[in-house]
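Contents: one structure, followed by commentary.
Readers should treat all values here as calculations from the given coordinates under stated rules, not as data from a laboratory. Worth saying up front: this structure is predicted, and the values here are computed from it rather than measured. Using ideal geometry, Cβ is built from the backbone for each residue, glycine included, and neighbour counts are taken over all protein chains shown.
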Amino acid sequence: ETFEYDGSSFSSSGALPAGRRGLNNTGFGSQTAAVQSGGLTPGGTHNTSNEYNGSSWTAGNTINTTRYVHAGSGALTAGIISGGVGAAPSYNSLTNVEEYDGTTFTAVNSLSVARGATAGSNQAPQTSLIVFGGNSTPGSSINNTESYDGTNWTVQPNMASARQQLGGSGSSSSSGLAFAGYTTTAVATTEEYNNSINTTTAAAWASSNAMNTGRSILGRAGTQTAALAIGGYFYPGSPEVTAKVESY
């Protein structure tokens, strides 16, 4: 299923060619020019991609490293995917990074730290973004942050709260928002990231208002100052899933 949001309500749109899960942070682009990559089904992890034109999805080229729950950022003709969880049976957390030029995915310099179930500044350009949180091994949570300048990855200050399966948004390597996620339970924790050469501490995470409903494995959209948290999973909890949406 696919839904579009107009700032006040969701409406159904063209369906993906095949069902997938583990896509919550993996896409990039805009509402009328988007890319979906990888994903998980009961049959295994996938290396397919699909492009969205504002009404329907069409098959794109395959990604080089099969993965799901990775971070995506950039535009349809200049996108990037980072980290994620690899193929069965090991389902290892990955350092692999690929750039997309609108036609082909190309492997580029790897992350410093392997991370699955990660998030990043999803509206940032291919040459200026951050990736944060996730897990390095199944069941673990990390608070590590890295920035990318189009060529190299650089370690940045850690988040205060280590977590995986979190939501993330942002518009550059200088600003980001980390919200919700999973530690030993679904959490509502929110942190803002800011990087400025004009401050004593050039980059730092700061605590912000918590979400109203803790959750993990959620959809996300927007920037640091205009973000959406969409749906998600309660663990432990009943019911297990939610359709609730929050704006920030």
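Farthest towards the positive end of the charge dipole of the range 103-248, among the residues Val113, Tyr235, Thr137, is the Cα of Tyr235, using unit charges on the Cβ of Lys, Arg, Asp and Glu. A protection proxy built from the mean count of other Cβ atoms within 10 Å ranks the segments 124-130, 219-225, most packed first, as 124-130, 219-225. Peptides 9-17, 73-81 ranked from most to least packed by the mean count of surrounding Cβ atoms within 10 Å: 73-81, 9-17.
The slack between Ala243 and Ser208, meaning 0.36 nm per residue of separation minus the straight C-alpha distance, is 10.3 nm.
Each residue of the range 7-19 was assigned a 3J(HN,Hα) from its phi angle through the Karplus curve 6.51 cos²θ - 1.76 cosθ + 1.60 (θ = phi - 60°); the sequence is x, 9, 8, 9, 10, 6, 9, x, 7, 4, x, 8, x Hz, with glycine and proline shown as x. A simple charge model with +1 on the Cβ of Lys and Arg, -1 on the Cβ of Asp and Glu and nothing else charged puts the dipole of the chain at about 460 debye relative to its Cα centre. A straight line joining the Cα centroids of the range 108-170 and the range 1-19 runs 27 Å.
When DSSP assigns beta bridges and you keep just the ones with both residues in the chain, what percent turn out antiparallel, to the nearest 5? Here the antiparallel bridges make up roughly 100 percent for the chain. Semi-axes of the equivalent ellipsoid for the range 1-113, computed as √(5λ) from the eigenvalues of its C-alpha gyration tensor and ordered from largest down, come to 23, 16, 12 Å.
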